[in-house]
Amino acid sequence: MILTKLKTFAIAEKGVAAIETALILPFLLILYFGMIDLTQLISLNRKVTYAASVVADTTSQNRTTVLNTSIADYYKAVELIMSPTPLSSVNVKLYGYRLQSGSPQLIWKTQKGSGPNCTTTPQTSSMASLMTAGNDIIVAVTCMRYTPYMATFLGEQILGDTSFGLEQAVMLRPRSTLTLECRVGSAAGALCT
């Protein structure tokens, strides 16, 4: 009798699909939501790169002087690029360096956004080879933090961190002139700080 019950249990197929689903479904859900997070991360990384490129490029097109009001417009372009991510989650910094006495010196800088502080600071050692005497380099740095949806489920113990920093720096020379200064209000105004 016990042997008959064991044979019946061994060949029974009722509930096998439910058990297989219960075993496989958690892995499929993690894979599905992980792919959503990965594609979102790639998309945001491209947006951060493009935002830094747009700010540097539009600034480099000015002749001798760029006003802080014009740069405010360039920051509005960043807001459009990063949409639907609010600009409050993004930080954009713009620097102007000039080669003086053989080394790049910071002439002016400006910043927009209340996002995380960018850890990338322009490396002046690599700039000197790109510049000539009295020549400027414009550096745009854009950064933000991305928190994946999976971090709310898996947490810091599995992922190692619940958010990831995205940063990009772009260096360009002014297009129309050797030097480019950022001024407040008018061409005779104070340098941007």
Query raised in the report: Which net charge results when you count Lys and Arg as +1 and Asp and Glu as -1 among the other residues whose beta-carbon is under 15 Å from that of ASN68?
Result: +3
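Multiplying the sequence separation of ASN117 and LEU38 by 0.36 nm and subtracting their Cα-Cα distance, what value in nm do you get?
Numbers: separation 79, 0.36 × 79 = 28.44 nm, distance 2.33 nm.
Answer, rounded to one decimal: 26.1 nm.
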Query raised in the report: Quick one: Karplus J couplings for segment 103-111, per residue in order, coefficients 6.51, -1.76, 1.60, θ = phi - 60°, nearest Hz, x for Gly and Pro?
Result: 9, x, 10, 6, 9, 8, 7, 8, 8
Requested in this report: Read through the labelled values (1) 168; (2) 158; (3) 120 and report the label of the one computed as volume of the Cα convex hull per residue in Å³ from the structure.
Outcome: (2)
Query raised in the report: Can you sort ARG145, ARG46 by how many other beta carbons sit within 10 Å, fewest first?
Result: ARG46, ARG145
Requested in this report: Quick one: angle between helix 16-60 and the longest Cα principal axis of the chain, in degrees between 0 and 90, rounded to 10, please.
Outcome: 0 degrees
Report summary line: Spelling it out for PHE164: with amide H atoms placed in the peptide plane at 1.01 Å from N, the residues 5 or more places away or on another chain with amide H under 5 Å from its amide H are TYR146, THR147
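For a Förster distance of 22 Å, can you work out the FRET efficiency between the beta-carbons of ARG175 and GLN105, rounded to the nearest 0.05? Let's see the in-between values first.
Working: r = 21 Å, r/R0 = 0.96.
Computed FRET efficiency for ARG175 and GLN105 comes out at 0.55.
Just so you know, all these numbers are worked out from the coordinates, no wet-lab data involved. Since we're looking at a predicted model, the values are computed, not measured. A quick note on method: Cβ atoms are made from the backbone with ideal geometry, for glycine too, and the neighbour counts reach across all protein chains shown.
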